[in-house]
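Structure, as structure tokens:
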Amino acid sequence: MITIKYFASLKSIAEKEEDSLTIESPISIDQLSDIIAKTAPKMEAIIREKKVMISVNQEMASADTIIHDGDEVAFLPPFSGGAK
Amino acid sequence: MSTTTDAKIRIQLEDFSVTDEIEAMKKVSRNIGGITTFLGTGRELSKGQTISELNFEHYPKMAEKKLEEIREKSIKDFGIIDMSIIHRIGPIDIGENIVLIVAAGEHRGETFKACEWAIAELKRTTPIWKRETTTTGEVWVQDTP
């Protein structure tokens, strides 16, 4: 099972803060995006248009990063910490 | 309420004392000859809108990891003696402290450079998000100036 986390503005778009997903074998970020498009349809355009960054186990991932059972995947909108 | 601990990287709800953090840094080494600080505070106006409250959210573990990477790279690349980075989360009123970077070195030159680089890198790489509450509602800030 993998854990999927949504932060900041993405929580209201995905309509959840956290989700879990059972996978039979390792999958790529692209394959995960296909699955999420079905379970959280409003996320699809945001993922496809690359308006979010994706991390796996707290490290930034790319489209071909492989996700294994037990991994934590997070969808991260652009950061805005600190002050101008 | 403020807290000071020995930890050089902190993400916390509580306010901090800039003076206490500088004094703690001065105890790190007798070779410190210059300290540069950056303090980010809650601003009332944003894009013409009056902000009534700010709220910061972070990705636990990843945010701390990124701040530690920034600290270690600052020390290595700029040759400073030490750096501390503190970022608050949760609700923050206008005028309150948000983020503090303290860069200490033998001379001022490297501490200015390290401090400027560190705040820019924090905003670029650290998963912390700001939500502004204005008279027209709440908005997550997504631009990185």
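Here are the numbers for the structure shown:
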{"quantity": "Selection from the stretch B:14-50 of residues that are free of Cβ contacts under 8 Å to residues at least 12 places away in the same chain and in a strand (DSSP E or B)", "calculated": "B:L45"}
{"quantity": "Where A:R48 falls short, out of the listed (1) away from chain B (no Cβ under 14 Å); (2) at pLDDT below 80; (3) surrounded by 13 or more Cβ atoms within 10 Å (Cβ to Cβ)", "calculated": "(3)"}
{"quantity": "Residues satisfying the stated conditions in the stretch A:51-84, i.e. more than 7 Å from chain B (Cβ to nearest Cβ) and within 20 Å of B:E57 (Cα to Cα)", "calculated": "A:K51, A:V52, A:M53, A:I54, A:V56, A:N57, A:E59, A:M60, A:E72, A:V73, A:F75"}
{"quantity": "The lone exception for A:A37 - which of (1) in contact with a helix residue (DSSP H, G or I) (Cβ under 9 Å, 6 or more places away or on another chain); (2) in a helix (DSSP H, G or I); (3) closer than 16 Å to A:L76 by Cβ it fails", "calculated": "(3)"}
{"quantity": "Evaluation of B:L54 against (1) over 12 Å from the mean Cα position of the chain (by Cα); (2) surrounded by fewer than 16 Cβ atoms within 10 Å (Cβ to Cβ); (3) within 13 Å of another protein chain (Cβ to nearest Cβ) (one fails), failing number", "calculated": "(2)"}
{"quantity": "Residue list for the stretch A:21-33, filter: open to solvent by less than 70 Å² (accessible area, probe 1.4 Å) and under 11 Å from the mean Cα position of the chain (by Cα)", "calculated": "A:I29, A:L32, A:S33"}
{"quantity": "Test result for B:S29, surrounded by fewer than 19 Cβ atoms within 10 Å (Cβ to Cβ) and within 14 Å of chain A (Cβ to nearest Cβ)", "calculated": "no"}
{"quantity": "Residues located in the stretch B:106-120, provided they are at the interface with chain A (Cβ under 10 Å from one of its Cβ atoms) and either closer than 24 Å to A:L10 by Cα or among the polar types (S, T, N, Q) (or both)", "calculated": "B:A120"}
{"quantity": "Any hit, the stretch B:61-69, residues being within 14 Å of chain A (Cβ to nearest Cβ), within 15 Å of B:I9 (Cβ to Cβ), open to solvent by 60 Å² or more (accessible area, probe 1.4 Å) and among the basic types (K, R)", "calculated": "yes"}
{"quantity": "Only listed residue being closer than 21 Å to A:F7 by Cβ and under 16 Å from the mean Cα position of the chain (by Cα), chosen from B:T126, B:T133", "calculated": "B:T126"}
{"quantity": "Residues of the stretch B:85-139 classified as open to solvent by 50 Å² or more (accessible area, probe 1.4 Å), assigned to a helix (DSSP H, G or I) and of a type in the set (G, A, S), total", "calculated": "1"}
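The values are calculated or read from the model by the stated rules, or taken from the named source; none is laboratory data. Note that the structure is a prediction, hence the values are computed from the model and not measured. Note that each Cβ is placed from the backbone with ideal geometry, even for glycine, and that neighbours are counted across all protein chains shown. We work out accessible area using only protein heavy atoms, side chains counted, and drop any ligands, DNA or RNA first. Shrake-Rupley method; radii C 1.70, N 1.55, O 1.52, S 1.80 Å.
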